[in-house]
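A.B. asks: Dropping the structure in here first, questions after.
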Amino acid sequence: MSLFLLRRLGAGLVLVFVIATATFFLTSVTGSDPARRIAGTQASAAQVIAKRHELGLDRPVLTRYTDWLSHAVRGDLGTSWFSNQPVTGLVGQALPVSLSLVLAATVLTAAVSIVLGVVAAVRGGWVDHVLQSISIVAFAVPNFLVGMVLALLLAVELGLFPAVGYVPLAGDPAGWLASITLPSIALAVGAIATVASQTRGSMIDVLRQDYVRTLRSRGLPVRSVLLKHALRNAAPTSLTVLSLQFIALIGGAVVIEKVFGLTGIGARATSAASQGDVPLVLGIVVVTVVLVVVVNLLVDVVLGWLNPKVRIA
Amino acid sequence: MRRLLVAVPAAALVLTVSACGGAAGGGGANAGSTLSLATVTPPKSFEPGAMAMGGPEDHYYQAVYDTLLKLDAYGRPAAGLATNWNYDAANTTLSLTLRSGVTFTDGTKFDAEAVRTNLEHAKKGTGEAANALKFVDHVKAVDPTHVDIVLTSPDPSLTAGLARSAGYMDSPKAFTRGDVATRPVGTGPYRLDAKRSTAGDTYVFTRNAGYWDKIHYPYKEVSIKVLDDTTAALNALRSGQLQGMPGPSKDIVEGARKAGLTVTTFENGTMEGVFLWDRKGNNTKALGDVRVRRAINYAFDREAIVKNVKGGLGTATDQVFGSSTPAYDKSLEGAYGHDLGKAEKLMAEAGYAQGFSMTLPDFSPVYPNEQAAMTEALKSIGIKVTYQPITGDQVVGSIIGGKWPANFFSLTSSSPWAFIQLAVAPGATFNPFHVSDPKIAALLKTVQQSSGAAQDKALKQLNAYLVDQAWFAPWDVQKGAYVSAKTVKVTPIPGIAVPPLSGFSPAS
């Protein structure tokens, strides 16, 4: 298991390096001119040249890259060109926002989709049809649209939740919950549909297995058969899909953060990319890739715990 | 029963969360004590000399900084940190008398030395504010309350600049600390509460207890939330979480009006239309002929453009100087009334009866309606336009580099002289082909070296000549829009992009 984890960790580090390097060069060869944008439309050519020098953009791209890399490996991701704030601070402020959103959406997805998937598989008939139909609709509706409707109805019209903004968990737990409730629901709707369908499918497969029939014939309570035996065997498939959904949710959060005015990783990434704030873009990419690597690693560990065959593979 | 046991706590949780949500977003409850505004961008830098001349970032800076001069209700320079100002006979030394008894929030005294430190630092900056100080040669602290700003040559727009971002005063100690870009220490009405602010997201400003002009800033606290999604900002306003936001487009303004919010419109000092850069005909020969430039002017139906494209957020005009400026001449309005017959005749006289082609930057992703209107008008007189894709941050560089013969554009200026320095003078940033004209050169000299009525007369003559020579094809002077809740009264200043912080007060 240790070797397995070390291999995964090594691959993860290589992935971070490759993606960060690719991002650096891609953002450096766009031909864009962040110095002009920072200096302003009316700044003179001399001022723009001075700004370019201040940002180090008049140095060869390879020099800039080695400079950035040597600082990055020491944990210094540089300073945002557009806000003059340290990138680590900006990412550090945005990470709890996105993680709150994505983790809440994941918990919501896991809870609701497992219940829906199991109910659909066990009940069958019209319940299954209805749940499947709802899943298809939920999957088809874009999450930003769900977000906009929720914001309009529950925040603007009824005033039950804040329409925009994030409240840190530490200072005000109830405010935090209020600030992420609507965005999390909007983000989770599509994922719930996907994971519920997978759970339903794998539960139906497991429930058709001989050992389930044997357990039933031995008189074990239905709840025990379902939750202790069938669900545990159906879980790896759902968990794999859920882990993929977690990563997809990080991507989906970009739009949802905009709809609810949350300054998370996604919102920071889009504004940094559109401005040409290369240090911030790079910082966000590095942190996001690390996050994805860690999540994949955790999922591998949990899958290995659930199914020892995975460890050998 | 079991279902009930689940449902009751769930409902309680939703009610608890929503109750807290209401409290968390309680902008309405704080009305009168906290002013909560939205803006589209965070502050780039609090360092004097690094800021833009004006725009959506103004509120951050106005909260913490005073300017040497302020603007009165008509957009004219008025007393600020300087209570009196006057030029010498040659218009090359501006003498300021400073307000006494003012201190920065770090306890440092505001005096002539602080002014000298700020202006000399700002002049070296890389922002538009520094550009506004380009004629400043040096600053002399005569005594603690008197300063002389010595210029290399007269600058009729200097006082306007000192009433904007070029006049922000930071504590002299701030320049030695190394964090001047993120930690402002001004003499302004508020101080930045760094602990309650989140960079790039929310900025909280608390009252500066010893502020000398409290009466114009009735709120104890100002909170500015960065929201680049206007729908989200509008939702926040409608829910009472925020009290004001800029109205950047006719769609947002219409949406705000339908939602029962207050929309305040004002002339924001921005002229927009088609800027005919290539007056020499270097890139597109036809534009070197004044008859073609006049024909283009006749091709635009300005009233229709303002109505249909701008949703009424503009005032149609044939001249580049706004109606509140001394350069404006009412008699020039209608000089180029929409007249395709005249336009075609002029094109034929110039030898372009069959029209000609131009390649222009494609602004359709940002200005689809403006571009469509321009294309249609040019097509109506036989000018075929091919559009070349361009990214947002390449626009200005490519214009300045002389890549385009013309394009739809907008330019904001603090005064006629500032506009001249931006887009008319031979070395101006937005005179990319460095076009010069003896008559214009002579008028510029007169404007620069005169003052009062003589200067106003020369400005009007220059304006008339620019219109006659069709250096530009202006459409309208933009009307800015600011959307606010009913709890707030907003008073804009003409010529300023966003109503100043001193223009916000409780409606009651």
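A.B. asks: Quick check on the stretch B:420-451: of everything there that is surrounded by fewer than 17 Cβ atoms within 10 Å (Cβ to Cβ) and hydroxyl-bearing (Ser, Thr, Tyr), which residue is nearest to A:Ser44 (Cα to Cα)?
C.D. replies: The extreme case among them is B:Ser436.
A.B. asks: Quick check on B:Ala373: is it under 24 Å from A:Ala35 (Cα atoms) and either surrounded by 19 or more Cβ atoms within 10 Å (Cβ to Cβ) or modelled with pLDDT under 90 (or both)?
C.D. replies: no
A quick yes/no check of all residues on (1) of a type in the set (D, E, K, R); (2) more than 16 Å from B:Lys109 (Cα to Cα); (3) not assigned by TED's automatic domain parsing to the domain that holds B:Pro42:
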{"position": "B:Tyr168", "(1), (2), (3)": "no, no, yes"}
{"position": "B:Pro172", "(1), (2), (3)": "no, no, yes"}
{"position": "B:Arg183", "(1), (2), (3)": "yes, yes, yes"}
{"position": "B:Lys195", "(1), (2), (3)": "yes, yes, no"}
{"position": "B:Thr198", "(1), (2), (3)": "no, yes, no"}
{"position": "B:Tyr203", "(1), (2), (3)": "no, yes, no"}
{"position": "B:Trp212", "(1), (2), (3)": "no, no, no"}
{"position": "B:Glu221", "(1), (2), (3)": "yes, yes, no"}
{"position": "B:Lys225", "(1), (2), (3)": "yes, yes, no"}
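A.B. asks: While we're here: Output the residues belonging to the stretch A:36-68 that are among the hydrophobic types (A, V, I, L, M, F, W, C), over 28 Å from B:Trp417 (Cβ atoms) and touching a residue at least 24 places away in the same chain (Cβ under 8 Å).
C.D. replies: A:Leu55, A:Val61, A:Trp68
A.B. asks: Residue check: is B:Gly397 within 13 Å of another protein chain (Cβ to nearest Cβ), under 24 Å from A:Gly40 (Cβ atoms) and surrounded by fewer than 17 Cβ atoms within 10 Å (Cβ to Cβ)?
C.D. replies: No.
A.B. asks: Okay, next question. Of the residues B:Met374, B:Met347, only one is more than 29 Å from the chain's Cα centre (by Cα) and in contact (Cβ under 8 Å) with a residue 12 or more places away in the chain; which?
C.D. replies: When all the criteria are applied, what remains is B:Met347.
A.B. asks: Another question, then. Scan A:Ala43, A:Ala94 and give me the residue that is part of a loop (DSSP other than H, G, I, E, B), surrounded by 13 or more Cβ atoms within 10 Å (Cβ to Cβ), within 14 Å of chain B (Cβ to nearest Cβ) and not polar (S, T, N, Q).
C.D. replies: From the options A:Ala43, A:Ala94, the qualifying one is A:Ala43.
Here's the yes/no breakdown for (1) at pLDDT 95 or above; (2) among the aliphatic types (A, V, I, L, M); (3) closer than 27 Å to B:Leu242 by Cβ:
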residue: B:Val8; (1), (2), (3): no, yes, no
residue: B:Ser45; (1), (2), (3): no, no, yes
residue: B:Met51; (1), (2), (3): no, yes, yes
residue: B:Asn84; (1), (2), (3): yes, no, no
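A.B. asks: Can you name the condition, by its number, that B:Thr41 falls short on among (1) surrounded by fewer than 22 Cβ atoms within 10 Å (Cβ to Cβ); (2) without any contact (Cβ under 8 Å) to a residue 24 or more places away in the chain?
C.D. replies: Evaluating B:Thr41 over (1) surrounded by fewer than 22 Cβ atoms within 10 Å (Cβ to Cβ); (2) without any contact (Cβ under 8 Å) to a residue 24 or more places away in the chain leaves (2) as the failure.
A.B. asks: Please list, ordered by residue number, the helices (runs of 4 or more DSSP H) wholly in the stretch B:38-131 having 3 or more residues that are under 30 Å from B:Ala454 (Cβ atoms) and assigned by TED's automatic domain parsing to the domain that holds B:Ser413.
C.D. replies: Once the helices (runs of 4 or more DSSP H) in the stretch B:38-131 are filtered for at least 3 residues that are under 30 Å from B:Ala454 (Cβ atoms) and assigned by TED's automatic domain parsing to the domain that holds B:Ser413, nothing remains.
A.B. asks: I'd like to verify a number: residues in the stretch A:11-25 that are within 18 Å of A:Ala72 (Cα to Cα) and loosely packed, with under 15 Cβ neighbours inside 10 Å, how many?
C.D. replies: The qualifying residues number 6.
A.B. asks: From the list A:Thr237, A:Thr270, A:Thr263, which residue is assigned to a helix (DSSP H, G or I) and either within 15 Å of the chain's Cα centre (by Cα) or within 12 Å of chain B (Cβ to nearest Cβ) (or both)?
C.D. replies: Unique residue meeting the criteria: A:Thr270.
A.B. asks: Only one of A:Thr79, A:Thr88, A:Thr109, A:Thr63 is among the polar types (S, T, N, Q) and at the interface with another protein chain (Cβ under 10 Å from one of its Cβ atoms); which?
C.D. replies: Result of the check over A:Thr79, A:Thr88, A:Thr109, A:Thr63: A:Thr79.
A.B. asks: Just checking, which of A:Val112, A:Val127 is surrounded by fewer than 16 Cβ atoms within 10 Å (Cβ to Cβ) and out of contact with any Gly (no Cβ under 6 Å at 6 or more places or on another chain)?
C.D. replies: Just a single option satisfies the conditions, and that option is A:Val127.
A.B. asks: Is one or more of the residues making up the stretch A:132-149 of a type outside the set (Asp, Glu) and within 12 Å of A:Leu262 (Cβ to Cβ)?
C.D. replies: yes
A.B. asks: Something else: Taking the residues in the stretch B:377-394 that are without any contact (Cβ under 8 Å) to a residue 24 or more places away in the chain and surrounded by fewer than 19 Cβ atoms within 10 Å (Cβ to Cβ) as candidates, determine which candidate is farthest from B:Ala304 (Cα to Cα).
C.D. replies: B:Thr391
A.B. asks: Provide a single number: the residues in the stretch A:194-216 that are out of contact with any Gly (no Cβ under 9 Å at 6 or more places or on another chain) and surrounded by 24 or more Cβ atoms within 10 Å (Cβ to Cβ).
C.D. replies: Selection size over the stretch A:194-216: 0.
A.B. asks: Taking the stretch B:206-225 as the search range and keeping residues that are within 23 Å of the chain's Cα centre (by Cα) and either away from chain A (no Cβ under 11 Å) or not in a strand (DSSP E or B) (or both), which one is nearest to A:Gly261 (Cα to Cα)?
C.D. replies: Selected residue: B:Ile224.
A.B. asks: Sort out which residues of the stretch B:226-281 are within 14 Å of another protein chain (Cβ to nearest Cβ), part of a loop (DSSP other than H, G, I, E, B) and under 21 Å from the mean Cα position of the chain (by Cα), and write them in order of number.
C.D. replies: Passing the criteria: B:Leu227, B:Asp228, B:Asp229.
The values are calculated or read from the model by the stated rules, or taken from the named source; none is laboratory data. As the structure is a computational prediction, the values presented were derived from the model and not from experiment. Here the Cβ is made from the backbone with ideal geometry for all residues, glycine too, and neighbour counts use every protein chain on show.
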